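Taking it in order: structure first as structure tokens, then the write-up.
Please treat every number below as a calculation from the coordinates, not as lab data. All values derive from a computational prediction rather than experimental measurement. Don't worry about glycine lacking a Cβ; one is built from the backbone with ideal geometry, like all the others, and counts go over all protein chains shown.
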Amino acid sequence: MTVTDQVSRTAARIDELRSEGRAALVGYLPVGYPDLEGSIAAARQMVAAGVDIVELGVPYSDPVMDGPMIQRAVEHALASGTRVRDTLRAVEGVAETGVPVLVMTYWNPVVRYGVDAFARDLAAAGGAGLITPDLIPDEAGEWLTASQEHGLDRVFLVAPSSTSERLAMTASASRGFVYAASTMGVTGTRASVGSDAERLVADTRRAGAERVCVGLGVSTAEQAAEVAGYADGVIVGSALVRALVDAESAAAGLDGIAEVAQDLATGIRGARR
Amino acid sequence: MTATQDQPSPQEVGPTTQAAGSGPYFGDFGGRFVPEALIEALDELATEYDKAKADPEFGAELSRLHRTYTGRPSIITEVPRFAAHCGGARVILKREDLNHTGSHKINNVLGQALLTKRLGKSRVIAETGAGQHGVATATAAALFDLDCVIYMGEEDTRRQALNVARMRLLGAEVVPVTTGSRTLKDAINEALRDWVTNVDSTNYVFGTVGGPHPFPAMVRDLQRIIGVEARQQVLDLTGRLPDVIAACVGGGSNAIGIFHAFLDDTDVRLVGLEAGGDGVESGRHAATISGGAPGVLHGARSFLLQDEDGQTVESHSISAGLDYPGVGPEHSWLSTIGRAEYRPITDAQAMEAFRLLCRTEGIIPAIESAHALAGAMQLGQELTAQGEDPPVILVNLSGRGDKDVETAAEWFSLLDEGTS
């Protein structure tokens, strides 16, 4: 038996939660903010506070899908010397908690590292797979092969503008779940989650996706509850990053993370499904 | 005639032109490395562009604009006094500096503005470094009554304050970008973020032959008129094709524009001059092909300046228009297959060529184009050393230097001397 036959841990976790009658809470934090150890501690803290699946971001110089909050944190992480290989250390540190750990990365750092080498090292570090905001399945040949080889999840994005053909193609290329961008735009907190999101989740399921999680603009317990009513997972980034950025000390940052994560987890558990 | 009246008909297409194709890939380079959210807009743009290419109306309208607004065809000028510094070669300039708005950028934006109208969109956005593409886009937006937002690195708005004022005079909103290195690459990031958010109403008028498909092929097609005109003009003047074509390369739109019509003239050497800054060995340069490695940036796989982690490295050049860590994918391909050569020109070499053209011919070039002139000086000396008959070098003078007077005055300490 090859690793290819292994079931996605991310998918298994989502299915498990589904059988408990709720959606997964997926929390994003960038590696290296406020520093490497601090980012590991923050991610472990959000797991302790109720995050089900962790998404660790690789700091990148040109993050075109990210809004000001995440840009700021990532710039800081890079300026203080965070390296791509630090991501693998962070993955190890967070995977110890037992939750699936995905890595969110723009494509060039992986290309530079070597696609197969990165997949191999990510798998060895206990990582579950990659979320690739600027890689569409059409361009992902090398990654499809490497992820298959190393038993990793491939989380591709769909958007409200995606055609039904592209939804089907993306659903079939994905492993773990499909990331539905709630709105046309970049990461960041918003007053409301777009009404496009629910329709997109339904369309993506119809196109063949078994698990669809929603991200972009979800920041409050109410929004999380609303999304949890129709999606398999709720992805939160900027609101968690903000708790770190706004904190006056490392300890306060961890308290802030716990508070935001708990609040979101409560929201999700109270969702009507 | 079609939009493509300046393009060869299929039976005229030689093997290299055919291999260059129309994207998305140029050999291993190109593609669409962008968020899924942009794919629909890119597909829509590619489809509309294909329709426009086949529509005689589009071609006729673009030709009319070039004739009555841009000032095409642009002339060629032989420059013997400058050529005396080029080892005795004959040097001919293609005068894109005489176009309306002062550079080749207008060729591209008029085509894209027409496309914006065809797409039924009312707003255009663009990135700009030195401000030339921003000014050209603002100009086209005024002409076509489109809302216009130009993203410009905060650092560049400071360095090119007069161009900011020009764009505002033309009715554009100029947004200083304060993230990252606050230069052109960050302006592109911010424009992409705007586009993802406002794609329904907005067309992104990309300024160079980079970015995701269809931009590299589309911008090349719109700039191709430079080479098509120049090829005939040089034939008329000299009775033969040039031995070498020299063009500066930042993203590479003026270079691809003049190279493309000569791709199958295998005796014509195509030489791209990159911004060598303080010298490639210093690490402070923007010579992407000479000093970079393949990777993915701003939607395409191409050469780029990056560190060992794949983080984009800041580029350096005295010329803001060449100060970009990426390059169009077709150039990466032309370099890899050996059809075009790329070499760095330092700031000092470019400024010496700048000074010479001013003094010998009464033409103040853009500092970008001065890199191509410096290349002609090197190439002329190399070729005549090889003992050939006086070689003919065609230089794409992509822009005029009005915008660079302050930089030049500083470089040559003209303001301190009082009189010069």
**OP:** Grab the protein assembly as shown and count how many Lys pairs have their alpha-carbon atoms under 18 Å apart, sequence gap of 8 or more, or different chains.
**Re:** 6
Original post:
When Cβ neighbours within 10 Å are restricted to other protein chains, what is their mean count per residue of peptide B:189-198?
Top reply: 5
Original post:
Which FRET efficiency, nearest 0.05, do A:Glu165 and B:Ala142 yield, Cβ-Cβ r, R0 30 Å?
Top reply: 0.20
**OP:** Pop the C-beta distance of A:Glu222 and B:Thr197 into the FRET formula with R0 = 25 Å and round what comes out to the nearest 0.05.
**Re:** 0.60
**OP:** Could you list which residues have their amide H under 5 Å from that of B:Cys148, counting only those 5 or more apart in sequence or on another chain, with H placed in the peptide plane?
**Re:** B:Val124, B:Glu173
**OP:** Please say if region A:3-269 is rounded, prolate or oblate, where rounded means a/c under 1.5 for a ≥ b ≥ c the square roots of the C-alpha gyration tensor eigenvalues, and otherwise the choice is prolate for a/b larger than b/c and oblate otherwise?
**Re:** rounded
**OP:** For region B:119-223, just run the numbers: alpha carbon Rg, then divide by 2.2 N^0.38 Å, N being how many residues it has.
**Re:** 0.98
Subject >> Derived scalar couplings ³J(HN,Hα) [region A:61-66; Karplus, 6.51 cos²θ - 1.76 cosθ + 1.60; whole Hz; x for Gly, Pro] >> reply: 5, 9, x, 5, 9, 10
Subject >> Table column - 3J(HN,Hα) (Hz), region A:220-234, Karplus curve with 6.51, -1.76, 1.60, x for Gly and Pro >> reply: 10, 4, 5, 5, 4, 4, 4, 5, 4, x, 10, 10, 7, x, 10
Original post:
Do the sum for chain B: with -39,500 (n - 2.57) for every DSSP H run of n ≥ 4, divided by all residues, what is the mean residue ellipticity at 222 nm, to the nearest 500 deg cm²/dmol?
Top reply: -12500 deg cm²/dmol
Subject >> Dipole magnitude (debye, nearest 20) for the protein assembly as shown, charges at Cβ of Lys, Arg, Asp, Glu >> reply: 1000 debye
**OP:** Would you mind working out the magnitude of the charge dipole of region A:3-269 relative to its Cα centre, with +1 at each Lys and Arg C-beta and -1 at each Asp and Glu C-beta, to the nearest 20 Debye?
**Re:** 220 debye
Original post:
In whole Å, what is the distance between the alpha-carbon centres of region A:4-37 and region A:202-250?
Top reply: 12 Å
**OP:** Pop a pseudo-label 7 angstrom from the Cα along the beta-carbon direction at both B:Thr68 and A:Arg199 and give the gap in nm to one decimal.
**Re:** 4.2 nm
Subject >> For chain B, with +1 on Lys and Arg beta carbons and -1 on Asp and Glu, the positive-most of B:Gln378, B:Val228, B:Ala287 along the dipole >> reply: B:Val228
Subject >> Most to least packed among A:257-263, A:190-196 [average Cβ atoms within 10 Å] >> reply: A:257-263, A:190-196
Original post:
Treating the beta-carbon of each Lys and Arg as +1 and of each Asp and Glu as -1, no other charges, what is the dipole magnitude of region B:221-337 about its Cα centre, to the nearest 20 debye?
Top reply: 260 debye
Subject >> Simple spin-label estimate for B:Glu308 and B:Ser282 in nanometres, 7 Å along Cα-Cβ >> reply: 2.5 nm
**OP:** Take the Cα gyration tensor of chain B, multiply each eigenvalue by 5, square-root it, and list the three semi-axes largest first, rounded to whole angstrom.
**Re:** 30, 25, 21
Subject >> Dipole-positive endmost among A:Gly27, A:Leu144, B:Pro24 within the protein assembly as shown (Cβ charges, Cα centre) >> reply: B:Pro24
**OP:** Name the residue farthest towards the positive end of the dipole of the protein assembly as shown from the options B:Ala141, B:Tyr324, A:Ala228, assuming +1 on Cβ of Lys and Arg, -1 on Cβ of Asp and Glu, about the Cα centre.
**Re:** B:Ala141
Subject >> Where Rh is the Kirkwood radius over Cα pairs, Rg/Rh for region A:88-228 >> reply: 0.98
Original post:
Amide H neighbours of A:Leu25 under 5 Å, counting only residues 5+ apart in sequence or on other chains, H built in-plane at 1.01 Å?
Top reply: A:Asp52, A:Ile53, A:Val234
**OP:** Kindly give Rg over Rh for the protein assembly as shown, based on alpha-carbon atoms, with the Kirkwood expression for the hydrodynamic radius.
**Re:** 1.01
Original post:
What's the center-to-center distance, using Cα atoms, between region B:29-103 and region B:336-369 in Å?
Top reply: 20 Å
Subject >> Dimensionless Rg/Rh of region A:6-86 - Kirkwood Rh, Rg from C-alpha atoms >> reply: 1.05
Original post:
To the nearest 0.05, how large is the calculated FRET efficiency for B:Leu162 and B:Ile75 if R₀ is 30 Å and r is the Cβ-Cβ distance?
Top reply: 0.70
Original post:
Based on the alpha-carbon gyration tensor of region A:67-129 and its eigenvalue square roots a ≥ b ≥ c, which shape applies: rounded if a/c is under 1.5, prolate if not and a/b is larger than b/c, or oblate?
Top reply: oblate
**OP:** Give me the Kirkwood hydrodynamic radius of region B:1-143, using the inverse of the mean 1/r over all pairs of distinct Cα atoms, in Å to one decimal.
**Re:** 17.8 Å
**OP:** Using a 10 Å cut-off on Cβ atoms, rank the peptides B:333-341, B:405-413, B:389-397, A:61-69 from the highest mean neighbour count down.
**Re:** B:389-397, A:61-69, B:333-341, B:405-413
Original post:
Whole-Hz Karplus ³J(HN,Hα) for region B:265-277, in order, using 6.51 cos²θ - 1.76 cosθ + 1.60 and θ = phi - 60°, x for Gly and Pro?
Top reply: 8, 5, 7, 8, 6, 10, 10, x, 9, 9, 7, x, x
Original post:
Per 10 Å bin, what is the whole-percent P(r) computed from every C-alpha pair distance within region B:54-96?
Top reply: 27, 28, 20, 18, 7
Original post:
B:Glu127's amide H: which non-local residues (gap 5+, or another chain) put their own amide H closer than 5 Å, with H modeled 1.01 Å from N in plane and none for Pro or chain starts?
Top reply: B:Tyr151, B:Gly207
Subject >> For region B:197-268 versus region B:296-317, the gap between their alpha-carbon centres in whole angstrom >> reply: 23 Å
